[in-house]
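Colleague: Encoded as structure tokens, here's the structure I'll be asking about.
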Amino acid sequence: MTINDLIKQLFIAFSKKDDDSFYELAEEIINLEKRKKHNILAKELKEALYNSDNFNVRTKRNYRINKPIPRDNDSGFPLVDVKKYNYLDWEQLILPENIKYELEQIINGYRSKEVLATYNLAPKLKYLFCGLPGTGKTYSVKILSSIMNLPLVYVNFDAIISSYLGETASNLRKVFEFIKDDNWIVLFDEVDIIGKNRDDQHESGEIKRVVNNFLQMIDNYNGESIIIAATNHPHILDPAIWRRFDEVIIFELPRKKEREKIIKLYLQTIKKDKNITLDYFVKETEGFSPSDIKTMCQDAVIHSVVNGRDVLSLDDLDYSLKKFKLRLKQQGK
């Protein structure tokens, strides 16, 4: 479809008050501008599309905006946080292509649920994200939330875990009750807190009961939300946890190509000395997570700015690299 056709169809959708078609066509126009490398225009169009009072018209059918947040009976703390991410897209996510492909399949499957139903099939809705800290698990969930236009329900395990016998399982039930009738992306981050191996002799009977309850709730969930559990420690998960998820995605440390892209991304805010050769830093950051590289680059920029320089020097980068290598060594990485 040409740009002229897209604009014509956009106006028709607007006149018919067909919100779904309107947003789909608007997204097509934005993606077309991206392909033309008109990235600034694409960003401004996306912000204009979603940063308006009318945006909630489209999302009201997916979830209830004023739905009461479940809380722990004892502390009163909220069991979940509900967040919206409207401006994130694939370009801000630097991961190996195989992982990006798996994430794209989550979106494709969800959007194909009506077609799948004609084959008596349903999309995959339960995912387990595994990987070292800082490898992009949580950020990927935020990207999915933005691209799919689904609010993110972040489960607060600090509030879920209760000192009162049986209250933890009760809090979990409240969470599943909260998500059952609406469309969300639900993140159980650090799920190993409630998904530990029940054969571990060091765990209490209460934790084992919580694991049992969590498994049953995952099994019995038949809503339309996407449930994502993330863990930095897959080796301590109960074996039965793995079978409850439709798909497992393993997040790996960035390879050379990804490390180079991450370094360039987070150093683009400042001019660089012509003597800087990024190849050296790409090589020296092997074993760093994306989060490590991001923080190292930002630290180098800060070091330059606070010392009165508006051009990043080789010394700034070297200073931050040595500091972060020492930090990672202390952490046993």
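Colleague: Hey, can you tell me all the residues within region 76-104 that are touching a strand residue (DSSP E or B) at 6+ places or on another chain (Cβ under 8 Å), not in a helix (DSSP H, G or I) and not hydroxyl-bearing (Ser, Thr, Tyr)? If you could, list the steps in order and put the result at the bottom.
Modeller: Step one: of region 76-104, the residues touching a strand residue (DSSP E or B) at 6+ places or on another chain (Cβ under 8 Å) are 77-85, 95, 99, 102-103.
Checking which are not in a helix (DSSP H, G or I) leaves us with 77-85, 95.
The answer is Phe77, Pro78, Leu79, Val80, Asp81, Val82, Lys83, Lys84, Leu95.
Colleague: Identify, please: which residue in region 226-248 is more than 23 Å from Ser112 (Cβ to Cβ) and of a type in the set (D, E, K, R) and is, among those, modelled with the highest pLDDT?
Modeller: Residue satisfying both the conditions and the ranking: Arg243.
Colleague: When you check Asp279 against the structure, is it acidic (Asp, Glu) and under 23 Å from Asp192 (Cα atoms), yes or no? Show your work before the answer.
Modeller: Values: acidic (Asp, Glu): yes; under 23 Å from Asp192 (Cα atoms): no.
No: the conditions fail for Asp279.
Colleague: For region 22-39: of the residues being surrounded by fewer than 15 Cβ atoms within 10 Å (Cβ to Cβ) and not charged (D, E, K, R), which is nearest to Thr2 (Cα to Cα)?
Modeller: By that ranking, first place goes to Asn31.
The rows are residues; the columns are (1) modelled with pLDDT of 80 or more; (2) outside the structural domain of Asn86 (by TED's automatic domain parsing); (3) not in a helix (DSSP H, G or I).
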site	(1), (2), (3)
Ile7	yes, yes, no
Phe11	yes, yes, no
Tyr23	yes, yes, no
Glu27	yes, yes, no
Leu32	yes, yes, no
Lys37	no, yes, yes
Glu47	no, yes, no
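Colleague: Same structure, new question: Within region 255-273, work out how many residues are among the aliphatic types (A, V, I, L, M) and surrounded by 19 or more Cβ atoms within 10 Å (Cβ to Cβ). Let's see the steps before the verdict.
Modeller: From region 255-273, those among the aliphatic types (A, V, I, L, M) are 262-263, 265, 267, 270; that's our starting set.
Then keep just the ones that are surrounded by 19 or more Cβ atoms within 10 Å (Cβ to Cβ); that gives 262-263, 267.
Total satisfying the criteria: 3.
Colleague: Would you point out the residue of region 1-35, among those that are among the aromatic types (Phe, Trp, Tyr) and within 30 Å of the chain's Cα centre (by Cα), that is nearest to Met148 (Cα to Cα)?
Modeller: Within region 1-35, the subset among the aromatic types (Phe, Trp, Tyr) is 11, 14, 22-23.
Subsequent filtering for residues that are within 30 Å of the chain's Cα centre (by Cα) retains 22-23.
Working: Phe22: 15, Tyr23: 12 Å.
Result: Tyr23.
Residue by residue, here is whether (1) modelled with pLDDT of 90 or more; (2) surrounded by fewer than 17 Cβ atoms within 10 Å (Cβ to Cβ); (3) among the aromatic types (Phe, Trp, Tyr); (4) within 15 Å of Lys83 (Cβ to Cβ) holds:
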{"site": "Leu150", "(1), (2), (3), (4)": "yes, no, no, yes"}
{"site": "Arg173", "(1), (2), (3), (4)": "yes, yes, no, no"}
{"site": "Trp184", "(1), (2), (3), (4)": "yes, no, yes, yes"}
{"site": "Ser204", "(1), (2), (3), (4)": "no, yes, no, no"}
{"site": "Arg209", "(1), (2), (3), (4)": "no, yes, no, no"}
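Colleague: Can you pull out every residue in region 105-145 that is part of a helix (DSSP H, G or I), of a type in the set (S, T, N, Q) and closer than 27 Å to His235 by Cβ? So that I can check it myself, show each step before the final result.
Modeller: First pass over region 105-145, keeping only residues part of a helix (DSSP H, G or I): 105-111, 113-118, 137-145.
Within this subset, residues satisfying the condition of being of a type in the set (S, T, N, Q) are 105, 108, 118, 138, 140, 145.
Correct list: Gln105, Thr138, Ser140.
The values are calculated or read from the model by the stated rules, or taken from the named source; none is laboratory data. Everything numeric in this text was worked out from a predicted model, so none of it was measured. No Cβ is skipped: glycine too gets one built from the backbone with ideal geometry, and neighbour counts run over all protein chains shown.
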